[in-house]
Structure formats: structure tokens, C-alpha cells
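The values are calculated or read from the model by the stated rules, or taken from the named source; none is laboratory data. Quantities reported herein were computed from a predicted structural model and do not represent experimental measurements. Because the Cβ atoms are built from the backbone with ideal geometry, glycine has one as well, and the counts that use them run over all protein chains shown.
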Amino acid sequence: MRIMRKAVLVIAVLAAVPLAGCRGSGGATLDVAVVGASDELFKGSVKLATAGQLVRAATAEGLVAFDEQGRVVPALADRWIVTDDGQSYIFRLRDGNWANGDPITAESAKKALDIALDALDDTPLALDLSGIDEIRVMAGRVVELRLKRPMPYLLQLLAQPELGLYNDKRGAGPMALRRVREAARLTPIDPSRLGMPAIEDWDKRTRQIELHAQSGAEAVNAFNDGAVDLVLGGRIQDFLLTRSVGILRGTIKLDPVIGLFGLQVMNDRGFLADPANREALAMAIDREALMAPFGVGGWSPSSRIVTGGLEGDLGTIGERWGGQTMDDRRRVSATRVRAWLSGGGKAGAGAKQTGMKSADSVALQVWLPEGQGSQVLFDHLARDFRAVGVSLSRASNAKAADLALVDDVARYPRAAWFLNRLSCRAGRGLCSQDADARVAEADKADSLGERAALLAEAEAELTAANVFIPFGTPIRWSLVRGSVNGFAANAWGWHPLMPLAWLPR
């Protein structure tokens, strides 16, 4: 057995964080804005936007958690071991209490974990966790997760906000939540209140976080006006707003994330009924030009569904249409559009049309979130599609659209995450039963090599179905005042609140 534990305890790491910029009485509060709607801060469901995820992670720890650098660290479990075959994770829980005073035991942790997993049943995250076979109580404060197959990414999954655990409908911190008008006020909980050793001068070493959920424009304006010191949760639709941030106000931080960024095909009506026609749309897009207006250094376009080079990637699937120029691809695309129109196709795949002549073009609708960046994306997509005989307009919502933007950061760096998010069970739009079948076979594979081969087959099936049109990697940005510490760009685009709450000794 090999021991898996954090090299330095969480408190020791965080206590070393220097003073960050703050406002409020006596420097007791750090104001943070997260891009989103205010009601997302207080939702109790597991289908959470970024604002709700931040609150849940701050108020309900799981067995493990993420630190500010995206590393897995102890939470309710203070240490763990993994068996040599990778099919058993044994966690020793910390000596302490739940928020209501009940002791943290293996029995109560198992019950809480069972409830959390059951709540995820109708979400793609349940597919990621399908390798868990059984949760067992081994001793008073020892719980075991037995797996059907090795899950090298299990700890990253257990650290997700959705796996925060509740006892008697309350989490065990590390922060307590109070609603203050439309904001969430989060106060670090003194460890002695949770049955853990007291930390001297706790009140002087920590501060409150006041979390405001705002639109992208409101959040950037608040940062520029000095009302908040940190903006989290920025996406492509609001990225151009960051041009207003001067060098003296703060820094734009980009997270080196991977994930899905592209268009989901929502139906198979009309022109979209043929996978070759759906491929024609993917071929028409100039991905480099699409993202050029944003000026994101290091961003790479991709026609692959799964990010290349991940652990377990066999290298058998590469970029599509190799050797063809953009003009070559558009000629092929335009030929397919003309062939469909000449064969009696109607103008557009959707039920609603906008007066386009069927002899001239195909009319499609795309859903994009509101924002200046989305308008830039739309303008470039419309231009690219127009070049091959497809007219594009914007839909009011994803369900009414023929194509819809998908913009998700991967929770763990494996092909399965990408395939699960585009599965029929995820219910986003068109899907491939054949690809899902290969993923299901991979879940039962006897070896990592066999599993990797089956996942590569699944990606090939999904690629051939042309139900998703990739652009490249997602964009995640934050605005950070120079005085703020406890923040670090990381591969998960995840920025927990507790590290921001620590002050120096």
C-alpha cells in the first residue's frame, strides 16, 4: 500500500499567506465578485453555477478539498491510503464535530456521502463517479471507497463542490454563511467550535468574505471603482470588458484550463439530419480567426473533442482535415450545402424560419450567452457560415436553437470527462448511442490499456456523428488586485474562498 497524504497541513500553508487588500471595518472583510446571478448564491440543488459552487465548497467540506493552487488537500479526512491495485481508497476522518455538534464518524460520513452521490444521479458527474462500487465503514473514523476499476482521478472528483457533505442538513465549514441583502457573507469558523484544536488569535488571523454575484459588466465596473478586490468566474462573453482594467488597478489572470468549448448540435431536423452536413459546418469555421479578436496568448484552436496529450491518450486521433487549407474545406462545405438545397431541402433545420429563400441558403439559429464577446463570436461564425451558403441568426434560448454554445471546464484530465459531458444521458442535444456504448465497455475494461483503446473508439464514434463542433479550450479569467493573496491561477479554474480569508500572524 502506498500512503497518500498532503505534505504540509492546510492550516500551515494558509497561515503563511500575507495580508491581502480588504475593506470594511478594521480590514475585516474582503469583497469578492463572481460573475453570475445573485440567486445562484443560495441555491440548494447540486446543479450549481460558479457562485453556488463557491458557497457550497466554503460551507460544506467533502472528504478532501482543493487549495488555491488546485491541489487536493485534507478536509473531513485528514489522511488516506490507496491500495496497490488502485481499487480501494481508505480515508481516516479528522477528530472533530459536524456543525450541530455531532461527532464526525465513519457512519455519519458514509451516510452523507451516499446522500451526495444519490443527488447526482441525473447529472454527468454521476457517470464520472460510476466506478465507485461500495462505501464501507471500517472503524469509528475510517471509511473505505471500493472501486469497480482504478480511478486515478477519484480524489479530484471527491474534492468537487457537489461532493460537499451535510449532516442534519448542515455542512462542517470551513465557513459559515449569512445572507446580507443580495450578498453572501462567509465567516471562517473557529476550529474549536468544530471540536478541533483551537488556533490562537483566530479572529485576528481571519476575515470575512463578502461574495457578490453580478453580471460581467457590473463585476468589472465594481473592480475598476475599487468596490471589490477580486472578480471570479469570468468567461468568453465578458472577456473584452477586461480591456478597461488599467495596470494600476489590478491584473487579468487566465486559468490554464482544458474542457469543452464549441457548438452542440441540438437537433437532427432538415439540413442537420445528415452527419456529413453537420461536418460541413465544422469545416467552415476558421478557428484562429474566430478567437483572434480576444487576443488570448497561448490559446490553441482544435477540431478534436478531447484535448490531446492527456494521460491515457493513445495518439490515434488527431486534428481533422489535415492537409486541407481553409479554402479547400469551405469548398467541400459549400458543395454539401448546395447539394442539399438542390435536392429539395428547406431553408433551415429549425421549426422557425426567418424568411430565407430555400434556393439560396440554409437558415440556422445559434444560442450564445449575452455579452460583447458572444456578439464577436456570432459575427465571425455568421461570416464563416455565410461563405458556404448558411445563414445564421441568434436564438433566444438553447432549446429553440439548432446550435448552442458549450463552455465547460474539465473536472479531471481524462477523455471520459469529455465523453460523459456529450453523452445521451447528459441530454444536451444530439448524441451518439454507439459512443456511449464504447464508454460503457471502457468502464468494465480489465486494464488501463483496454480502457484507453475503448475511449479512443468512443471519441472516434462521437467525431463521426458530428454532434459537437469544437473550437478549442475554454477561456476562464479573473481580475485580481495586486494586494490580494490566497489566489492562484490553476488547471481547474477553481478559486476557493477560505484561502482568501487568511491574514498573516
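Summary table below
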{"quantity": "Residue in the stretch 237-246 that is hydroxyl-bearing (Ser, Thr, Tyr) and crowded, with 18+ Cβ neighbours inside 10 Å present", "calculated": "yes"}
{"quantity": "Selected residue [touching a helix residue (DSSP H, G or I) at 6+ places or on another chain (Cβ under 7 Å) and either at positive phi or of a type in the set (A, V, I, L, M) (or both)] from VAL409, VAL439, VAL480", "calculated": "VAL439"}
{"quantity": "Unique residue being farther than 23 Å from LEU41 by Cα and assigned to a loop (DSSP other than H, G, I, E, B) when the list is ARG425, ARG451", "calculated": "ARG425"}
{"quantity": "Subset of the stretch 205-220 [closer than 29 Å to SER374 by Cα, in contact with a Ser or Thr (Cβ under 8 Å, 6 or more places away or on another chain) and among the polar types (S, T, N, Q)]", "calculated": "GLN214"}
{"quantity": "Residues that are closer than 20 Å to ALA410 by Cα and out of contact with any Gly (no Cβ under 9 Å at 6 or more places or on another chain), drawn from the stretch 439-453", "calculated": "VAL439, ALA440, ALA442"}
{"quantity": "Qualifying residue in the stretch 444-459 (condition: in contact (Cβ under 8 Å) with a residue 60 or more places away in the chain, under 19 Å from the mean Cα position of the chain (by Cα) and not assigned by TED's automatic domain parsing to the domain that holds ASP225)", "calculated": "no"}
{"quantity": "LEU454 vs. criteria of a type outside the set (Asp, Glu) and buried (at least 21 other Cβ atoms within 10 Å of the Cβ)", "calculated": "no"}
{"quantity": "Count of residues meeting criterion [among the β-branched types (Val, Ile, Thr), within 28 Å of SER108 (Cβ to Cβ) and crowded, with 21+ Cβ neighbours inside 10 Å] in the stretch 47-72", "calculated": "3"}
{"quantity": "Per-region count, the stretch 220-257, residues touching a residue at least 60 places away in the same chain (Cβ under 8 Å) and of a type in the set (Ser, Thr, Tyr)", "calculated": "2"}
{"quantity": "Number of positions in the stretch 283-318 that are modelled with pLDDT of 95 or more, acidic (Asp, Glu) and closer than 25 Å to TYR412 by Cβ", "calculated": "0"}
{"quantity": "3 or more residues of a type in the set (Phe, Trp, Tyr): qualifying helices (runs of 4 or more DSSP H) within the stretch 252-353", "calculated": "none"}
{"quantity": "Residues of the stretch 89-110 satisfying the condition of being part of a loop (DSSP other than H, G, I, E, B), surrounded by 20 or more Cβ atoms within 10 Å (Cβ to Cβ) and among the aliphatic types (A, V, I, L, M)", "calculated": "ILE104"}
{"quantity": "Unique residue being assigned to a loop (DSSP other than H, G, I, E, B), in contact with a Pro (Cβ under 6 Å, 6 or more places away or on another chain) and of a type in the set (Gly, Ala, Ser) when the list is GLY86, GLY70, GLY62", "calculated": "GLY86"}
{"quantity": "Residues satisfying the stated conditions in the stretch 327-362, i.e. at pLDDT 80 or above, crowded, with 17+ Cβ neighbours inside 10 Å and either over 37 Å from the mean Cα position of the chain (by Cα) or not β-branched (Val, Ile, Thr) (or both)", "calculated": "ARG329, ARG330, SER333, ALA334, ARG336, TRP340, LEU341, SER361"}
{"quantity": "Filter pass, VAL220 being part of a helix (DSSP H, G or I) and β-branched (Val, Ile, Thr)", "calculated": "yes"}
{"quantity": "Yes/no for PRO124 being over 22 Å from THR29 (Cβ atoms) and surrounded by fewer than 16 Cβ atoms within 10 Å (Cβ to Cβ)", "calculated": "no"}
{"quantity": "Contacts under 8 angstrom Cβ, first residue in the stretch 382-411 being not assigned by TED's automatic domain parsing to the domain that holds GLY371, partner part of a strand (DSSP E or B), 6 or more apart", "calculated": "none"}
{"quantity": "Elements of type strands (runs of 3 or more DSSP E) contained in the stretch 115-217, each with 3 or more residues being small (Gly, Ala, Ser) and touching a residue at least 40 places away in the same chain (Cβ under 8 Å)", "calculated": "none"}
{"quantity": "Residue check, LYS204 out of contact with any strand residue (DSSP E or B) (no Cβ under 6 Å at 6 or more places or on another chain), closer than 22 Å to ALA119 by Cβ and among the basic types (Lys, Arg)", "calculated": "no"}
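Okay, residues lined up against (1) touching a helix residue (DSSP H, G or I) at 6+ places or on another chain (Cβ under 6 Å); (2) at pLDDT 95 or above; (3) surrounded by fewer than 22 Cβ atoms within 10 Å (Cβ to Cβ):
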{"position": "MET175", "(1), (2), (3)": "yes, yes, no"}
{"position": "ARG181", "(1), (2), (3)": "no, no, yes"}
{"position": "ALA184", "(1), (2), (3)": "yes, yes, no"}
{"position": "SER192", "(1), (2), (3)": "no, no, yes"}
{"position": "PRO197", "(1), (2), (3)": "no, no, yes"}
{"position": "TRP202", "(1), (2), (3)": "no, no, yes"}
{"position": "GLN214", "(1), (2), (3)": "no, yes, no"}
{"position": "VAL220", "(1), (2), (3)": "yes, yes, no"}
{"position": "VAL228", "(1), (2), (3)": "yes, yes, no"}
